[in-house]
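Visitor: One structure, pasted below without further comment.
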Amino acid sequence: MSLVDISAEVQQAKARFGIVGNAPALTAAVQRALRVAPIDLSVLITGESGTGKELVAQSIHNASSRRNKPFVAVNCAALPESLLESELFGYERGAFTGARQSGKKGLFEQANGGTIFLDEIGDMPLALQSRLLRVLQEKQVMRVGADSIIDIDVRVIAATNQNLMAKMEEGIFRSDLYYRLNVLPCHIASLRDRREDIVPLFLNFIGQKSIPNDLAARLKSYDWPGNVRELENTAEYYT
């Protein structure tokens, strides 16, 4: 499987708002996501790595009017800059060496009518940020090597584990793009900020109703830098 196949795909958004946990920080985030889901504007999901940002993005898509349309996910950090532009916006026949003879639809075209999820948006190269901004403003894309534009109707949900405000101050993330994406913000708390959810999540992962008290105490005392992803890996090891 190629890097492009791994990093960018049209997929079925399976997740819905069945997120395990009752901590106030999580409840507030879910309620916020439920409120923004039917509002057809851009969403920026922030939170540490492993907190479940893509699950929230899928849930927002499935609670929106676009639920029966494509959900396209792309990891902006995993694709090299040389491929990211052609993957996002597509290309015409003969646009560059190695291009398909038939050309290729970009991910924005593939997401037409639905949602595109731009994960790790903070790692998007600065040169591409201006082009993405134009796409969001004009709702049109131009394939690499093309001389015509294509109208699109796509909702953008972006996510990042980085401090975009700091990156803006450093001049490596465009402020106009930030404010275009951050129309409807949604923050997902880290697991250490909702420790009461650790044991219920662990039980859900292992498919049991209880665990020894000493194990529960150890799980709750650990900071889980990898968040829910690390907890799930630990549960798999435990079983």
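The values are calculated or read from the model by the stated rules, or taken from the named source; none is laboratory data. Note that the coordinates shown come from a computational prediction; the quantities given were computed from them, not determined experimentally. Counting neighbours? That spans all protein chains shown, and the Cβs are built from the backbone with ideal geometry, glycine included. Side chains included, ligands, DNA and RNA excluded: accessible areas come from the protein's heavy atoms. Shrake-Rupley method; radii C 1.70, N 1.55, O 1.52, S 1.80 Å.
Visitor: Less than 12 Å from a label point 7 Å out along the Cα-to-Cβ axis of Q162: which backbone N atoms in region 72-93 qualify, by residue?
Guide: In region 72-93, the label zone of Q162 (backbone N under 12 Å from the point 7 Å along Cα→Cβ) covers 76-78.
Visitor: Assuming R0 = 25 Å, can you tell me the calculated FRET efficiency for the pair L128 and L41, based on Cβ-Cβ distance, to the nearest 0.05?
Guide: 0.70
Visitor: Next up: With contacts defined as alpha carbon pairs under 8 Å and 6 or more residues apart, what's the relative contact order of region 39-178 in percent? Intermediate results must be reported in sequence, preceding the final value.
Guide: Numbers: 241 pairs, mean separation 44.0, N = 140.
Reported relative contact order: 31 percent.
Visitor: Something else: For the chain, what is the accessible area per residue in Å² when the probe is 1.4 Å? Kindly include the intermediate steps, with their values, before the conclusion.
Guide: Numbers: 12170 Å² over 239 residues.
Result: 51 Å² of accessible area for each residue.
Visitor: With n ≥ 4 as the cut-off for DSSP H runs, can you work out [θ] at 222 nm for the chain, using -39500 (n - 2.57) per run divided by the number of residues, rounded to the nearest 500? Provide the component values of the computation, followed by the final result.
Guide: Numbers: 11 runs with 97 residues, N = 239.
Computed mean residue ellipticity for the chain: -11500 deg cm²/dmol.
Visitor: Positive end of the dipole of the chain, charges at C-beta (+1 Lys, Arg; -1 Asp, Glu), about the Cα centre: which of A216, S64, G226 has its Cα farthest in that direction?
Guide: Comparing the listed Cα positions along the dipole, S64 ranks first.
Visitor: How far apart, in nanometres, would the label points at E230 and N182 be if each is projected 7 angstrom from Cα along the Cα-to-Cβ direction?
Guide: The answer from the label model is 2.6 nm.
Visitor: State the extension gain, in nm to one decimal, for the chain segment bounded by D153 and L203, taking 0.36 nm per residue of separation less the distance between their alpha-carbons. Mind dumping the intermediate values first?
Guide: Working: separation 50, 0.36 × 50 = 18.00 nm, distance 4.11 nm.
Value of the extension gain: 13.9 nm.
Visitor: Contour minus end-to-end for D193 and K105, with contour as 0.36 nm per residue of separation and end-to-end as the Cα-Cα distance? Before the final figure, lay out each step's value.
Guide: On the way: separation 88, 0.36 × 88 = 31.68 nm, distance 4.18 nm.
Extra length available between D193 and K105 comes to 27.5 nm.
Visitor: Once neighbouring chains are kept in place and the probe is 1.4 Å, which whole percent of the accessible area of the chain is contributed by carbon and sulfur? Could you put the intermediate results ahead of the total?
Guide: Working: 5770 of 12170 Å².
Here it works out to 47 percent.
Visitor: Okay, moving on. Out of every Cα pair in the chain, what percent are spaced more than 26 Å from each other? Before the final figure, lay out each step's value.
Guide: Working: 12143 of 28441 pairs.
Percent of Cα pairs beyond 26 Å in the chain: 43.
Visitor: May I ask you to compute the full-extension gain from N68 to Q140, defined as 0.36 nm times their residue separation minus their alpha-carbon distance, rounded to one decimal in nm? Please list the in-between numbers first.
Guide: On the way: separation 72, 0.36 × 72 = 25.92 nm, distance 2.18 nm.
Length difference between fully extended and current span is 23.7 nm.
Visitor: Okay, moving on. Where Rh denotes the Kirkwood radius from the mean inverse Cα pair distance, what is Rg over Rh for region 31-170?
Guide: On the way: Rg = 15.3 Å, Rh = 15.7 Å.
Expressed as Rg/Rh, it is 0.97.
Visitor: Non-local amide H neighbours of Q140 (under 5 Å, H modeled in plane, Pro and chain starts lacking H): which ones?
Guide: Answer set, sorted by chain and number: I152.
Visitor: Sort 76-83, 228-235 for me by packing, meaning the mean count of neighbouring Cβ atoms within 10 Å per residue, highest on top. Don't jump to the answer; show the numbers that get you there.
Guide: Values: 76-83: 15.8, 228-235: 17.8.
Result, highest mean Cβ count within 10 Å first: 228-235, 76-83.
Visitor: Now for a separate question. Please state the shape class of region 180-226: rounded when a/c is under 1.5, otherwise prolate if a/b exceeds b/c and oblate if not, all from the C-alpha gyration tensor.
Guide: Values: a/c = 4.01, a/b = 2.29, b/c = 1.75.
Prolate is the answer for region 180-226, as a/c is 1.5 or above and a/b outweighs b/c.
Visitor: At R0 = 35 Å, how high is the FRET efficiency between D223 and S82 if r is their beta carbon distance? Nearest 0.05 is fine. Spell out each step's value before the answer.
Guide: On the way: r = 38 Å, r/R0 = 1.08.
Computed FRET efficiency for D223 and S82 comes out at 0.40.
Visitor: Could you work out the relative contact order of the chain, using alpha carbon pairs under 8 angstrom and six or more residues apart, expressed as a whole percent? Working shown, then result.
Guide: Values: 432 pairs, mean separation 65.0, N = 239.
For the chain, the relative contact order is 27 percent.
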